[in-house]
1. Looking at segment 162-173, which of the residues that are under 29 Å from the mean Cα position of the chain (by Cα) and closer than 13 Å to residue 137 by Cβ is most open to solvent (accessible area, probe 1.4 Å)?
2. Residues to consider are 229, 216, 220; find the one that is under 11 Å from the mean Cα position of the chain (by Cα), open to solvent by less than 10 Å² (accessible area, probe 1.4 Å) and closer than 19 Å to residue 265 by Cα.
3. Test residue 237 against the criterion of being open to solvent by 80 Å² or more (accessible area, probe 1.4 Å), free of Cβ contacts under 8 Å to residues at least 40 places away in the same chain and within 27 Å of residue 23 (Cβ to Cβ), and give yes or no.
4. Name every residue in segment 182-198 that is open to solvent by less than 30 Å² (accessible area, probe 1.4 Å) and either among the charged types (D, E, K, R) or without any contact (Cβ under 8 Å) to a residue 24 or more places away in the chain (or both), in order of residue number.
5. Take residue 105 and tell me if it is surrounded by fewer than 16 Cβ atoms within 10 Å (Cβ to Cβ) and either of a type in the set (Phe, Trp, Tyr) or more than 26 Å from residue 271 (Cα to Cα) (or both).
6. Of all the strands (runs of 3 or more DSSP E) wholly in segment 185-296, which have at least 2 residues that are under 21 Å from residue 6 (Cβ atoms)?
7. Among the residues of segment 1-18, count how many are surrounded by 15 or more Cβ atoms within 10 Å (Cβ to Cβ), out of contact with any Asp or Glu (no Cβ under 8 Å at 6 or more places or on another chain) and under 26 Å from residue 210 (Cα atoms).
8. Quick one: count up the residues across segment 274-287 that are in contact (Cβ under 8 Å) with a residue 24 or more places away in the chain, open to solvent by less than 90 Å² (accessible area, probe 1.4 Å) and in contact with a helix residue (DSSP H, G or I) (Cβ under 9 Å, 6 or more places away or on another chain).
Amino acid sequence: MPFAHTPALLSETLDLLQPKAGEKVLDVTLGLAGHAAALAERLGPTGSLTGIDADAGNLADAKKRLSKLPCTFVFHHGNFGDVIPTLQGEYDIILADLGLSSPHVDDATRGFSFRADAPLDMRYDRTAGETAAQLITRLSTEELTAVLNDYGEIHGILRLAQKVKGDAPQTTHALAKSVESIFGFRTKSVLPQIFQALRIAVNNELGALNVLLENLSRILAKNGRCAILSYHSLEDRLVKQTFRALVTVPKDPITGQPLREPRFTLLTKHAVVPSEREVAENPRSRSAKLRAIRKA
């Protein structure tokens with residue numbers, strides 16, 4: 001059964017990136033190609049779009065959707081943090097939508113949600129890597145505490161880490177029961193952060209984002225534009241700090257004058273967020289924050 005898919009902040013993303021015929025686009029989180037299809041429509045037969053996705057099912061569905069469009073396509077299966085260092089050449093547009101895709105949320109068997117009981121998996125790429133259950137087993141109590149603290153931004157959770165390690169849950173509901181035994185009535189408010197923390201660790205999400213940001217100067221062409229949609233403060237903080245560093249130029253310590261022209265320009269002074277209407281029509285967009293930058 002096909003999944004409903006509505007890309008977040010689509011019109012705002014297109015307005016910022018301004019795709020033109022013949023340009024070369026890199027979508028590092030292809031998903032179901034919602035953003036990619038809208039970009040590809042504007043590239044024409046002389047343009048090209050390279051798409052990366054860790055989920056083989058998403059990639060197959062995206063290929064079908066994009067096959068009807070006239071531009072050239074190149075696809076890579078894998079975590080974009082692993083693929084980006086292998087890419088050659090430069091791109092006019094780079095897009096990263098860091099949110100979960102619809103199948104990850106809607107398919108209970110994937111283990112991303114605590115609303116249904118399922119194996120504690122959480123991998124985007126089910127052909128490689130360890131599951132969340134395996135991660136819990138492998139990590140020490142101290143390491144698991146750090147994951148929950150750093151990626152879930154939950155403090156004072158040593159007792160939880162000890163409980164989860166002891167229980168070694170294999171399913172989403174088993175993990176929820178472990179959490180409930182520690183947090184009681186607060187469980188519902190804490191579970192999303194715990195699942196987020198394990199998902200980030202399983203898929204090395206922040207590591208992949210760092211790879212993209214570190215390679216941005218190399219793979220973005222002159223006058224190229226990059227847009228990144230993030231969905232929690234850890235991602236947005238990384239993007240905000242990196243973009244700020246890229247547009248900052250050294251100044252003469254005496255005169256205070258810039259020593260060179262800026263190599264990048266911010267296209268978004270502040271993060272762009274969904275309108276009330278978009279959130280009403282697509283509730284999953286509510287936490288989206290869009291930031292964009294241009295290379296000089």
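The values are calculated or read from the model by the stated rules, or taken from the named source; none is laboratory data. Just so it is clear, the structure is predicted and the values come from calculations on it, not from any experiment. Glycine also receives a Cβ, built like all others from the backbone with ideal geometry; neighbour counts cover every protein chain displayed. Quick note on the areas: whole protein, heavy atoms, side chains included, nothing else; ligands and nucleic acids left out. Shrake-Rupley method; radii C 1.70, N 1.55, O 1.52, S 1.80 Å.
1. Top of the filtered list is 170.
2. Working: 216 fails: under 11 Å from the mean Cα position of the chain (by Cα); 220 fails: under 11 Å from the mean Cα position of the chain (by Cα).
Every option except 229 fails the conditions.
3. Working: open to solvent by 80 Å² or more (accessible area, probe 1.4 Å): yes; free of Cβ contacts under 8 Å to residues at least 40 places away in the same chain: yes; within 27 Å of residue 23 (Cβ to Cβ): no.
When the stated conditions are applied, residue 237 does not pass them.
4. Our first condition is that a residue be open to solvent by less than 30 Å² (accessible area, probe 1.4 Å); within segment 182-198, this holds for 183, 187, 190-191, 194-195, 197-198.
Selection gives 183, 187.
5. Numbers: surrounded by fewer than 16 Cβ atoms within 10 Å (Cβ to Cβ): yes; either of a type in the set (Phe, Trp, Tyr) or more than 26 Å from residue 271 (Cα to Cα) (or both): no.
The answer is no for residue 105.
6. On the way: elements: 220-230, 264-266, 289-295.
Output list reads 220-230, 289-295.
7. Final tally of qualifying residues: 6.
8. Initially, segment 274-287 is screened for residues in contact (Cβ under 8 Å) with a residue 24 or more places away in the chain, giving 274, 278, 281-282, 284-285, 287.
In the following step, the residues that additionally are open to solvent by less than 90 Å² (accessible area, probe 1.4 Å) were identified as 274, 278, 282, 285, 287.
Going one step further and asking which of them are in contact with a helix residue (DSSP H, G or I) (Cβ under 9 Å, 6 or more places away or on another chain), we end up with 274, 278, 285.
Of the residues in segment 274-287, 3 are in contact (Cβ under 8 Å) with a residue 24 or more places away in the chain, open to solvent by less than 90 Å² (accessible area, probe 1.4 Å) and in contact with a helix residue (DSSP H, G or I) (Cβ under 9 Å, 6 or more places away or on another chain).
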